[in-house]
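Colleague: To start, I am sharing the structure in question, which I have written as structure tokens.
The values are calculated or read from the model by the stated rules, or taken from the named source; none is laboratory data. Please read all numbers here as calculations on a predicted model, not as lab measurements. Because the Cβ atoms are built from the backbone with ideal geometry, glycine has one as well, and the counts that use them run over all protein chains shown.
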Amino acid sequence: MQPQFANHQQAVQALQGAPSAPRPSLLGQGSPDRLAKGSEGKLFVAACPQLNEATLDYTKVELPSVPEVERWVHALSAVPAEGSADVTLPVDYTLRFEMLSYLRNCGEEAQSLVLRSQTTNSDDVVELQFHGTKNHDAGAHAVAYLYRLSSGGVGAVLCFKGTTCNSSDWGKDLKIWNAIDGDITKGLRNGVHLFPDGAGLAGDAQVHPGYFDYYQTILARMNAFSVEHLQPLLQQWQFSDSALPVAGSISEATNFLSWLQSGAWEWCVFVGHSMGGAMASYAATELAVHSKKATLLSTSGTPGCGNAEFLRLQNELLLPDGGLRIHNHGDMVTMTGYSGLALRSNRKCHAGRSVVLWPKLMHRLDPYHNHLRFNIPSDVFGQPLSVTYKFPGWTYDPAAEHSDAESFSTNFLGMQWTSSHDFPLKVQRSSPRRRGHVQRSLPPLWLQWFDAESGMWMPYCDEDQRLLRVAFAAEKPGVHLRSLDGEAYCDLKAMVQRSMTAGNEFRETEMRVVFDKD
């Protein structure tokens, strides 16, 4: 199973593509960089003491647009294999996608949601969620985003959630040893094979038993989730502006895992925080072997993932140069993992290129927050700020905790996205969830408005209904208003009014809910 790449350097050049337009610096002219001293030959994030400070909680993160993601991938693939470089942009978007792996957890075994860009008015993103257990706040969780690229083809981003406060997650963190052949009487060993049937370097790669157990549950969900309903959309995306299919992009895979392994993507990026970073490393390495294509990796706060053979395999196959490994100075979690507690050089425990961040003093003195807070310059709020990204710890509040999904959907979609009208939400569930609010089925209903001149309640016309559905979908993806022709689903008028702007003529109109008597 030794991977054979025809030309690894060609893969790097293909990912980088044509140089993009220069991006304005967050620092400005002549701004000091506190990492300049002693950063020779290292990757660094620019520091801007003069910027105002802001905080972004994981529940408030928005899904990046297609141009933003393309810019991120270009910058990530352009990180040099050696020497110093400013990686502020790759680190920024890595943290954003990692937060989405915590937020976008609807508690289902698997589901897909197609999102429409309000800029292009086309279906440009597919979100897929995979959860390894029936308990939404425990177990492995991953979110995948498939982007329609501006030049044709599909780009994929896979995000793996890290540890939250529950016995299942912590149990896997502490599962360093594994029973030989599943029989504890035969003894214990450190590590399990990532490729049990492999040979050579790939066959000798061993990884953390607990993280690997979680990773396998995600693979099982991906293997069981059919993407046949998405094939028309994905095949449409494979065509460039010249109406020619992108080379090697057409796939007839029936499930998501086989689609990934078919290599029907232009690029594929894996991100993950904490334990999620370890699972992202396994997934990126395994996919590179199966697809014979280079994958990209960027993680934060990642513990040790595997043995020396696995680290060599990761360095050989993944871009850039084994992947970016983002971590705060002094983060104790990065010293744990495959070897237990390894108080030694990180080069013996980790692959890829290290990006050391310097947290605020209050966080640096607190091991808990030193693992969950990352401070970098960012334009996530539309202007250059010094932003602290806040990951969940003792308290975890995923989307599954909120059956109405009001604030979560609003923040997640922002002003860029709305749910697709052509591809409804698809959920795969073998049994009811163990925890979280049960989403009750409401009777079909529609909205009517009161005409003061005639003194009668009137239905909205087709165009008005369409505008209402667009406004409604911006707040609650996957659910639509029911029109008089019985088109879709329903919800409460308050949410519709709340989703409208102050100047919208519908906002102050008196509405009522009419239930379907049929």
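Colleague: Can you go through Pro64, Pro90, Pro80 and tell me which one is buried (at least 20 other Cβ atoms within 10 Å of the Cβ), modelled with pLDDT of 65 or more, within 24 Å of Asp321 (Cα to Cα) and in the same structural domain as Leu296 (by TED's automatic domain parsing)?
Modeller: That would be Pro90, the only listed residue that is buried (at least 20 other Cβ atoms within 10 Å of the Cβ), modelled with pLDDT of 65 or more, within 24 Å of Asp321 (Cα to Cα) and in the same structural domain as Leu296 (by TED's automatic domain parsing).
Colleague: So which residues in the stretch 387-404 are crowded, with 19+ Cβ neighbours inside 10 Å and either of a type in the set (S, T, N, Q) or at pLDDT below 90 (or both), if there are any at all?
Modeller: Matches in the stretch 387-404: Thr388, Tyr396, Pro398, Ala399, Ala400.
Colleague: Among the numbered conditions (1) at pLDDT 95 or above; (2) surrounded by fewer than 19 Cβ atoms within 10 Å (Cβ to Cβ); (3) touching a Pro at 6+ places or on another chain (Cβ under 8 Å), tell me where Arg71 comes up short.
Modeller: Result: Arg71 passes all but (3).
Colleague: Return the pair list, or none, for Cβ contacts closer than 9 Å from residues in the stretch 311-322 that are assigned by TED's automatic domain parsing to the domain that holds Leu287 to residues that are in a strand (DSSP E or B) and among the charged types (D, E, K, R), at least 6 apart or on different chains.
Modeller: Sorted first by the residue in the stretch 311-322, then by its partner, the pairs are Asn315/Asp321; Pro320/Arg353; Asp321/Arg353; Gly322/Arg353.
Colleague: Can I ask one more? Take the residues of the stretch 188-246 that are assigned to a loop (DSSP other than H, G, I, E, B) and surrounded by 19 or more Cβ atoms within 10 Å (Cβ to Cβ): which is modelled with the highest pLDDT?
Modeller: Within the stretch 188-246, the match that is modelled with the highest pLDDT is Phe225.
Colleague: In addition: Determine whether Ser291 is touching a residue at least 24 places away in the same chain (Cβ under 8 Å), of a type in the set (Ser, Thr, Tyr) and buried (at least 24 other Cβ atoms within 10 Å of the Cβ). Step through it out loud before you land on a result.
Modeller: Numbers: touching a residue at least 24 places away in the same chain (Cβ under 8 Å): yes; of a type in the set (Ser, Thr, Tyr): yes; buried (at least 24 other Cβ atoms within 10 Å of the Cβ): no.
Criteria not met by Ser291.
Colleague: Still on this model: What strands (runs of 3 or more DSSP E), lying completely within the stretch 287-387, carry at least 2 residues that are within 16 Å of Met275 (Cα to Cα) and touching a Phe, Trp or Tyr at 6+ places or on another chain (Cβ under 8 Å)?
Modeller: Qualifying strands (runs of 3 or more DSSP E): 295-300, 318-328.
Colleague: Still on this structure, I have one more. Do we have Ala85 as modelled with pLDDT of 90 or more, buried (at least 17 other Cβ atoms within 10 Å of the Cβ), hydrophobic (A, V, I, L, M, F, W, C) and over 21 Å from the mean Cα position of the chain (by Cα) here?
Modeller: So Ala85 passes the test.
Colleague: Being assigned to a loop (DSSP other than H, G, I, E, B) and modelled with pLDDT under 90 is the filter here, so list the residues in the stretch 153-167 that pass it.
Modeller: The answer is Cys165, Asn166.
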